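Reading through the structure tokens given below for one structure.
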Amino acid sequence: MQILEPQQFASWAEPIEMLYACHSKVKRFCRQLQILPDYLAKNGVNQAVKNDVQQILNYFTISAPLHHDDEEKDFFPAVVKQYPQAQADIDELEKQHVILHENWANLSVQLQALLNNEQDSISQELIDKFVAGYDVHIAIEEPLFELGKKYLSEPELNTMGKIMANRRQV
């Protein structure tokens with residue numbers, strides 16, 4: 001039986017918990033990516049790998065950019081309004097979003113080629129660069145989530161959650 005992390009039960013009524021839930025998925029998919037090259041070397045490309053790779057492609061191509069929009073358009077502005085000292089970290093995180101998207105663009109080409117049976121291996125270097133970028137990013141970002149819990153009001157969070165849900169048309 002899989003033990004679920006608390007954030008996996010979050011709803012849009014709890015937008016900060018949803019941000020944490022996204023990070024939980026990022027961490028899980030990054031772990032999968034890290035073991036992928038060795039797995040492919042030992043087992044080759046099979047349907048299980050293709051299923052996992054498709055999930056990873058879907059997440060980082062669709063969901064991750066929406067998550068970054070949630071942060072840049074809604075969460076970061078709300079936090080910095082209540083806690084201006086967060087601006088330097090927010091500036092850094094927004095720069096990192098650009099780099100994370102660039103790293104993903106490079107890695108996703110190889111993952112798509114794997115799905116299309118055009119290659120049977122993935123660059124460990126591209127994976128390491130991608131995962132390292134997220135490791136640094138999450139370490140800076142999650143303390144801001146805690147600031148949001150501390151400084152944002154229930155009405156602000158409710159409004160934010162509705163905007164985030166609408167972004168996904170949930």
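The values are calculated or read from the model by the stated rules, or taken from the named source; none is laboratory data. As the structure is a computational prediction, the values presented were derived from the model and not from experiment. In this analysis, Cβ positions are derived from the backbone assuming ideal geometry, glycine residues included, and neighbour counts consider all displayed protein chains.
Taken together, the residues in region 101-119 that are over 16 Å from residue 136 (Cβ atoms), out of contact with any helix residue (DSSP H, G or I) (no Cβ under 6 Å at 6 or more places or on another chain) and free of Cβ contacts under 8 Å to residues at least 12 places away in the same chain amount to 5. When the residues of region 83-101 are filtered to those that are surrounded by 13 or more Cβ atoms within 10 Å (Cβ to Cβ) and of a type outside the set (A, V, I, L, M, F, W, C), the one that is farthest from residue 61 (Cα to Cα) is 83. Residues considered: 13, 48. Of these, the only one that is closer than 22 Å to residue 131 by Cβ and among the hydrophobic types (A, V, I, L, M, F, W, C) is 48. Does residue 98 satisfy the condition of being without any contact (Cβ under 8 Å) to a residue 60 or more places away in the chain and not charged (D, E, K, R)? Spelling it out, residue 98 is indeed without any contact (Cβ under 8 Å) to a residue 60 or more places away in the chain and not charged (D, E, K, R). Only residues that are exposed (fewer than 14 other Cβ atoms within 10 Å of the Cβ) and either touching a strand residue (DSSP E or B) at 6+ places or on another chain (Cβ under 7 Å) or of a type in the set (Phe, Trp, Tyr) (or both): list them for region 33-82, please. If the condition is that a residue be exposed (fewer than 14 other Cβ atoms within 10 Å of the Cβ) and either touching a strand residue (DSSP E or B) at 6+ places or on another chain (Cβ under 7 Å) or of a type in the set (Phe, Trp, Tyr) (or both), then no residue fits. Looking across region 95-135, the residues that are in a helix (DSSP H, G or I) and more than 20 Å from the chain's Cα centre (by Cα) come down to 113, 114, 115.
Report yes if some residue within region 37-46 is among the hydrophobic types (A, V, I, L, M, F, W, C), modelled with pLDDT under 95, more than 16 Å from the chain's Cα centre (by Cα) and in a helix (DSSP H, G or I); otherwise report no. No.
Of the residues making up region 27-76, those that are of a type in the set (Phe, Trp, Tyr) and closer than 24 Å to residue 14 by Cα are 29, 59, 60, 75, 76.
Residues in region 125-148 that are more than 16 Å from residue 68 (Cβ to Cβ) and either crowded, with 17+ Cβ neighbours inside 10 Å or among the aromatic types (Phe, Trp, Tyr) (or both): 126, 127, 131, 147.
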